[in-house]
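> Just passing along the structure, written as structure tokens.
What follows is calculated from the coordinates using simple rules that are stated; it is not laboratory data. Since we're looking at a predicted model, the values are computed, not measured. Note: ideal-geometry Cβ built from the backbone for every residue, glycine included; neighbour counts use all protein chains shown.
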Amino acid sequence: MKKVLITGITGYIGGTIAKKLLDKNYEVTGLVRNEAHVQELESLGIKTIIGNIHNEDLIKSAVSSVDAVIHNADSADDAYAVDSFIKALEGSYKTFIFTSGSAIFGGKENGKKSDFIFREDFPLQPRLEMASRVMINNYVLQSVNKSIRSIVIVPTMVYGEGLGIKKDSIQVPALINFSQKKGHGVYFGDGENIWSNLHIEDLANLYVLALEKAKGGSIYYAENGSSSLKNIAEIISKKYNLKSAQSLNIQEAVDNFGPAGGYFGFASNSRCSADKARTELDWKPIYNSIENFI
Ligand SMILES: NC(=O)c1ccc[n+]([C@@H]2O[C@H](COP(=O)([O-])OP(=O)(O)OC[C@H]3O[C@@H](n4cnc5c(N)ncnc54)[C@H](OP(=O)(O)O)[C@@H]3O)[C@@H](O)[C@H]2O)c1
């Protein structure tokens, strides 16, 4: 039986990957920083190691007893934790799957539409604010030269109910919450900006396929559809019986969600194609409508 260590296992993505792996009879261990979750995880058949991703000795020892690591614990921007995992895995030929995020494709478009669709073989020229995220991805990919089977997955806007402890994603729940406070669906600027998206279970299935089939040094973008933020706001208005969706200015986005959330999470474009995953890994996502999950 293959042994997999998952960080962020109490989170939305990590918890759902864990469930998919357990269903396929993998042995799953979670790195958990909050002891309060241990009993619930263990009742689901998940082994636990208590600790923080910023403890190098702990990571070294956790990594030594598994065949693969899937790192999701607030992973996308944390170079410290990545460095620790790569140090711990160096020379082991073990698998390291790293979760990034598709804000790397974003511009400061302030609600205007962009038609550009990114693919893995297009060179990225990220804005300054996302440059370190891209450097982290490249560092992980290059660790294939340190005898690590490294794989990067770049999820777009993930929706749907998680299968682990945390059921909710990030962007859509935050927009619903904010819209309910305002009394109307909310978009920023023209709201014509578009994000690719995908369902959490399709994403988790992609991790399982990547674990089983991907070549070391591979990056996969993950999407199965897209929507403008204005469309999402209109659906929120209808589903939550709020007033018609309205535009707010970008500063309100920044004030509420911080600059990364405001400019990139809600007012940029983040569009890509996951054809590489479909072709190389035979990934067959089944959900394609964010509208049904708002
Ligand atoms: N959800 C999306 O739509 C989406 C899309 C693209 C990329 N991503 C990226 O994917 C990653 C995971 O996202 P998510 O939606 O699963 O997030 P999430 O539900 O907020 O989960 C984050 C997880 O990380 C754990 N964690 C954070 N800091 C930690 C630390 N210092 N030590 C140990 N564990 C720590 C949390 O543990 P606690 O339970 O103890 O807090 C939790 O299990 C993030 O990097 C996110 O940016 C997410």
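> Please state the relative contact order of the chain as a whole percent: Cα pairs under 8 Å, 6+ residues apart?
It rounds to 21 percent for the chain.
> Could you sort the peptides 279-288, 156-165 by per-residue average Cβ neighbour count (10 Å cutoff), highest mean leading?
Sorting 279-288, 156-165 by mean packing, highest first, produces 156-165, 279-288.
> Related question: Just the number, please: Stokes-Einstein D of the chain in µm²/s, Kirkwood Rh from C-alpha pairs, 20 °C, 1.002 mPa s.
Translational diffusion coefficient: 110 µm²/s.
> Sum -39500 (n - 2.57) across every DSSP H segment of at least 4 residues in the chain, then divide by the residue count to get the 222 nm mean residue ellipticity, nearest 500.
Here the helix-only value at 222 nm equals -11000 deg cm²/dmol.
> Further question on the same structure: Quick one: of Lys20/Lys87; Lys47/Lys94; Lys166/Lys213; Lys87/Lys215; Lys113/Lys182, which pairs are farther than 22 Å apart, Cα to Cα?
Table pairs above 22 Å Cα-Cα are Lys20/Lys87; Lys166/Lys213; Lys113/Lys182.
> Defining a contact as two alpha carbons under 8 Å apart and six or more residues distant in sequence, what relative contact order in percent does region 1-95 show?
32
> Another question, then. Using only the alpha carbons of region 1-77, determine the length spanned along each of the three principal axes and report them from longest to shortest in whole angstroms.
30, 25, 23
> Please build a GNM for the chain, connecting alpha carbons under 10 Å apart, and tell me which residue among Ala36, Ala204, Ala233 fluctuates the most.
Of Ala36, Ala204, Ala233, the most mobile in the Gaussian network model is Ala36.
> Using only alpha carbon pairs under 8 Å that are at least six residues apart, calculate the relative contact order of region 156-238 and give it in whole percent.
RCO, region 156-238: 40 percent.
> Could you sort 115-127, 244-256 so that the peptide with the highest average Cβ count within 10 Å comes first and the rest follow in order?
Top of the packing list down: 244-256, 115-127.
> Counting Lys and Arg as +1 and Asp and Glu as -1, what is the net charge of the other residues whose Cβ lies under 14 Å from the Cβ of Leu41?
Neighbourhood net charge equals 0.
> State the Kirkwood hydrodynamic radius of region 190-284 in Å, one decimal place, computed from all pairs of distinct Cα atoms.
Roughly 15.3 Å, rounded to one decimal.
> Given N residues in region 186-226, what is its alpha carbon radius of gyration divided by 2.2 N^0.38 Å?
Expressed relative to 2.2 N^0.38 Å, the Cα Rg reads 1.60.
> Can you give the Kirkwood hydrodynamic radius of region 69-178 from its Cα pairs, in Å with one decimal?
15.6
> Which of the aspartates and glutamates could a cross-linker span from Lys2 if the Cα-Cα distance has to be under 12 Å and same-chain partners fewer than 8 positions apart are dropped?
Result set, ordered by chain and number: Glu27, Asp67, Glu212.
> By average Cβ neighbour count within 10 Å, what is the ranking of 63-75, 98-110 from highest down?
Packing proxy ranking, top to bottom: 98-110, 63-75.
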